[in-house]
Amino acid sequence: MSLELKGPKGAAIAVLLIAGAIAAVFSVEKGIKMTTPDTVPPLTAAQKASINASRSKLQAKLSGNQAEMLKAGKISFAQNCSSCHGDQGQGVTAPDLQQIGTDTFSIAERIENGAGNRMPAFGNTLSIDQIAATAVYAKSLQKVKQ
């Protein structure tokens, strides 16, 4: 079967087909609750306290023995990061860490929470000690001044 869409009648048919396709999409989505930024509930006091406690704990870990953290971080980096960031942080399929002038705490947060669909979160995979050590090691790979 062939459908020719020439002339004014063809254009009208094409418009109707497109409108039908759009209507079908909206009817499929009907009943699915869409969340917009205006409808996202604010964080509760307990959630804010939990986030602040986690940040404080991470900050305390980052101020630990740097030599030990570098050693442990190198191992963790090799196991969890080098396949995307390269063995020296030079970037393979992920950004070149040597050229990113980011502070250690921000690196640790990115390791823990991920970066959208670009980098997975390791907060449920690595301990807070491993996250801190990996961040210290990743920071040591940077060649740019912050």
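The values are calculated or read from the model by the stated rules, or taken from the named source; none is laboratory data. Small disclaimer: the values here were computed from a predicted structure and weren't measured. Every residue, glycine as well, gets a Cβ built from its backbone with ideal geometry; the counts of neighbours run over all protein chains shown.
Being surrounded by 16 or more Cβ atoms within 10 Å (Cβ to Cβ), assigned to a helix (DSSP H, G or I) and out of contact with any strand residue (DSSP E or B) (no Cβ under 9 Å at 6 or more places or on another chain) narrows it down to one of Ala67, Ala135, Ala78, so name that one. Lay out the reasoning, then the answer.
Details: Ala67 fails: surrounded by 16 or more Cβ atoms within 10 Å (Cβ to Cβ); Ala78 fails: surrounded by 16 or more Cβ atoms within 10 Å (Cβ to Cβ).
Result of the check over Ala67, Ala135, Ala78: Ala135.
The rows are residues; the columns are (1) at pLDDT 85 or above; (2) in contact with an Asp or Glu (Cβ under 9 Å, 6 or more places away or on another chain); (3) within 17 Å of Glu112 (Cβ to Cβ).
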site	(1), (2), (3)
Lys9	no, no, no
Gly20	no, no, no
Thr35	no, no, no
Arg55	yes, yes, yes
Cys84	yes, no, yes
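Among the listed residues Ser56, Ser82, which satisfies the condition of being more than 20 Å from the chain's Cα centre (by Cα), closer than 20 Å to Leu126 by Cβ and among the hydroxyl-bearing types (Ser, Thr, Tyr)?
Unique residue meeting the criteria: Ser56.
Check whether at least one residue in segment 89-100 is at positive phi, modelled with pLDDT under 85 and outside any helix (DSSP H, G or I), and report yes or no. Write out each step before concluding.
First, the residues of segment 89-100 that are at positive phi: 89, 91.
The next check asks that each one be modelled with pLDDT under 85; those that pass are none.
Checked against the condition, which is being at positive phi, modelled with pLDDT under 85 and outside any helix (DSSP H, G or I), segment 89-100 yields no hits at all.
Could you list, ordered by first residue, the pairs with Cβ atoms under 9 Å in which the first is in segment 44-58 and surrounded by 11 or more Cβ atoms within 10 Å (Cβ to Cβ) and the second is among the charged types (D, E, K, R), at least 6 apart or interchain?
Every condition considered, the pairs that remain are Ser54/Glu112; Arg55/Glu109; Leu58/Glu109; Leu58/Glu112.
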